Each structure stands twice: as structure tokens, then as C-alpha cells.
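Have a look at the structure below before the remarks.
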Amino acid sequence: MGFGTIFFIVLAAVVLFQLRNVLGRRTGNERPPFDPYTRPEKVEGAAPQGNVVTLPRRDVPPAEMVSADPYEAIDRVVPVSDPVNADLRAVRDADPSFDPKEFLEGAKIAYEMIVTAFAAGDRKGLRNLLSAEVYSGFEAAISDREAKGEVMKSTFVGIDDAKIVGAAVKDREVVVTLRIVSQLVSAVQSATGEVVDGDLEAIVEVKDVWTFARDTRSKDPNWKLVATESD
């Protein structure tokens, strides 16, 4: 992710390690992932927020899920009246260790890491977090940018909201879809330094719908981003 010092390299390694332990396990017909050239809606008077934190994942169900009601953790995050609740219950049936609260926190971390890595052209960082299909789309966008001699400058401000809006069990995969509202400062500069898209100073609101999936039969506990689209 383009960190310039040993400190940040170590920090990135630690965060990635935590992410792999949290965002644990593995769909598109979607638009190309995270299109940096799309001009999102600007936020008036928005102030920077702190970076978001972790998303761990365990093979042993969290203590809070060991209760008389195996769906209690799901009901606390998504009301029973919401159709998504039933879908999340099916996910938990397929994966007893699934905890929606922890998943949300981990997904926030993954979102920031992916957006930051994309802006920096960090292919290695992206490959660990994306499915092969989604990675192909991200890599093509990075290559196109490089071929034009363009550079993307991006500052991640924070996530205003992250909500589970869909879930499913597809064969051996469990799939969870999130609607994420974030704030970014982002601009693309030409080889001469001219801003060809975005704004180097304005904070903009970005609304994305991202889908993560995990193969429940795989020894790999990590989730990966398998589909993206703008909301």
C-alpha cells in the first residue's frame, strides 16, 4: 500500500494478519469494481473521521453466540421482521461460527484496505482480498491508469454506515452483501500533475454495495470480495 517506512510496513502486515483471522471464508454479473472515475456526491462541511478497525473470524463460535437461542447475535444486528434476518440464519446454519457483528467490523477493515490498495496500485495487497474475477477488474483499471501515466491520490476519511442488505447460501458458499457509505478525498492526476478527475481537497460521499463470500468446505477461513457495484 505504498508505505514509506518500516513502521507502516509492519503495521500493514499486522492489520492484514488480523483481517485474515477475522474476515475468515470465500459470485459477478456486476459493474467493474470500485470505479475511481465515477464522480460521487460531495458532502458539504464534512469533517475527517478516524480510521475504522478490525474484522476477526474464528473457527470456534464466539462466546456471545453460545446461548439458548443460536440466532440471538443475528437478531441483535438485523431485526426478525427484516427478510435478511432469515437469510443470515441460513448462513449461520451453514457456518456456526458466523457472527454478523464481527463480520461487519471485519468488512469495514477490508473495505478500507481494498480502496487504499487500489488507489496505490498495490496488486499484491488486492490479490489477497479479492476473488480472481474481481481482482481481474481491479488490475485492469490499475493497468489502464498506468498506461496513461496517471496517478491516483486518495485519502480514506471514514465509513459513515455499513449495513448487511443480503445473504445467501449457494452450494458450498456462504455469501453476505453490504451497503457501505464512506467518505474519501480522491483525485486522478495526469503525468504532468493536472487533475483529470476528482478533487484533491473535497471530501466526497461514496455509496457501494459489496459482496463477500466464503467456501465453507475450504480450509481457508478467509472471506473474499466477490462482487461490487455502486449504489
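Taking the criterion of being modelled with pLDDT under 95 and either at positive phi or small (Gly, Ala, Ser) (or both), the residues of segment 203-231 that qualify are Ser218, Ser230.
Under 18 Å from the mean Cα position of the chain (by Cα) and within 19 Å of Glu105 (Cα to Cα) - does that describe any residue in segment 213-220? Scanning segment 213-220, I find at least one residue that is under 18 Å from the mean Cα position of the chain (by Cα) and within 19 Å of Glu105 (Cα to Cα), so the answer is yes. Residues considered: Asp75, Asp122, Asp160. Of these, the only one that is modelled with pLDDT of 95 or more, in contact with a Gly (Cβ under 9 Å, 6 or more places away or on another chain) and surrounded by 13 or more Cβ atoms within 10 Å (Cβ to Cβ) is Asp122. Every condition in (1) under 30 Å from Pro83 (Cα atoms); (2) small (Gly, Ala, Ser); (3) modelled with pLDDT under 95; (4) more than 16 Å from the chain's Cα centre (by Cα) holds for Ala191 except the one numbered (1). Considering the conditions (1) assigned to a loop (DSSP other than H, G, I, E, B); (2) buried (at least 16 other Cβ atoms within 10 Å of the Cβ); (3) at pLDDT 95 or above, Gly149 is excluded by exactly one of them, (2).
Once segment 134-146 is narrowed to residues that are over 13 Å from Ala117 (Cβ atoms) and surrounded by 14 or more Cβ atoms within 10 Å (Cβ to Cβ), the residue that is nearest to the chain's Cα centre (by Cα) is Gly137.
On the stretch given as segment 80-136, residues that are among the aliphatic types (A, V, I, L, M) and within 18 Å of Val175 (Cβ to Cβ) total 14.
Of everything in segment 183-201, what is of a type in the set (S, T, N, Q) and assigned to a strand (DSSP E or B)? Give them in sequence order. Before you say what the answer is, go through the steps one by one.
Looking only at segment 183-201, we keep the residues that are of a type in the set (S, T, N, Q), and these are 183, 186, 189-190, 192.
Hits for segment 183-201 are Gln183, Ser186, Gln189.
The values are calculated or read from the model by the stated rules, or taken from the named source; none is laboratory data. Being a predicted model, the structure only gives us computed values, none of them experimental. Virtual Cβ from ideal backbone geometry, glycine too; neighbours counted across all protein chains shown.
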